[in-house]
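S.K.: If you scroll down you'll find the structure; I have some questions about it.
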Amino acid sequence: MSSTERTTEHTSRPARLTAAAAVAGIEALALVAGGLYVLVTGVTGSPDSLTQAVTGGATLVVLGLFPAAAARGLLLRRAWSRGPAIITQILALPVAWQLLHTSSAMILAGIALAVLAVTGLVLLVNPATTEALGIGRRGAA
């Protein structure tokens, strides 16, 4: 592949791929923000269990790193990034379902998460996205 082809390949990222990266990035930010919130309120407040609060918050922050890495990989057109991004969307659906069955303002969060996850899945399985990532190319070395 010539340098001209390589440059063109990197500059012509489809909008769907950029949108999929944005979805993963939003989810990453939400996980990290939620984790930091749980950590701060656990440390500064009076939780039932400080250990649970710290563990839960730290877990959310670490989990936020996966969609963040996937978002970066999608922006850089790395084929490996599609897998973690799809897994993130699939894991978000049961969380959204649980939020939809609460009796609080979290129902709106559940709706937003469900829309985000379904949108992410549609974008990630779109043929333009898979082609831009080089997935499924016949005869590719």
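The values are calculated or read from the model by the stated rules, or taken from the named source; none is laboratory data. No experiment lies behind these values; they were computed from the predicted model shown. Cβ atoms come from the backbone with ideal geometry, glycine included; neighbour counts cover every protein chain shown. Accessible surface is based on the protein model in full, side chains and every heavy atom, while ligands, DNA and RNA are left aside. Shrake-Rupley method; radii C 1.70, N 1.55, O 1.52, S 1.80 Å.
S.K.: For the chain, what is the accessible area per residue in Å², given a 1.4 Å probe and the full set of protein chains? Let's see the in-between values first.
M.R.: Details: 8680 Å² over 141 residues.
Accessible area per residue, the chain: 62 Å².
S.K.: Express the carbon and sulfur contribution to the solvent-accessible surface of the chain as a percent, rounded to the nearest whole number, probe 1.4 angstrom.
M.R.: On the chain, the fraction of accessible area on carbon and sulfur atoms equals 69 percent.
S.K.: Still on this model: Using the Kirkwood formula over every pair of different C-alpha atoms, what hydrodynamic radius in Å results for the stretch 21-76?
M.R.: 11.5
S.K.: What ranking do 52-63, 83-94 get when scored by the average of other Cβ atoms within 10 Å per residue, highest first?
M.R.: Final packing ranking: 83-94, 52-63.
S.K.: Read phi for every residue in the stretch 43-60 and hand back ³J(HN,Hα) as whole Hz from Karplus 6.51 cos²θ - 1.76 cosθ + 1.60, θ = phi - 60°, with x for Gly and Pro.
M.R.: 7, 8, x, 10, x, 4, 9, 4, 4, 5, 5, 5, 5, x, x, 5, 4, 5
S.K.: To one decimal place, what orientation-averaged projected area in nm² is obtained for the convex hull of the Cα set of the chain?
M.R.: For the chain, the mean projected area of the Cα convex hull comes to 10.3 nm².
S.K.: Oh, and also: Quick one: which of 68-76, 109-117 comes out on top by average Cβ neighbours within 10 Å, and what's the full order, highest first?
M.R.: Final packing ranking: 68-76, 109-117.
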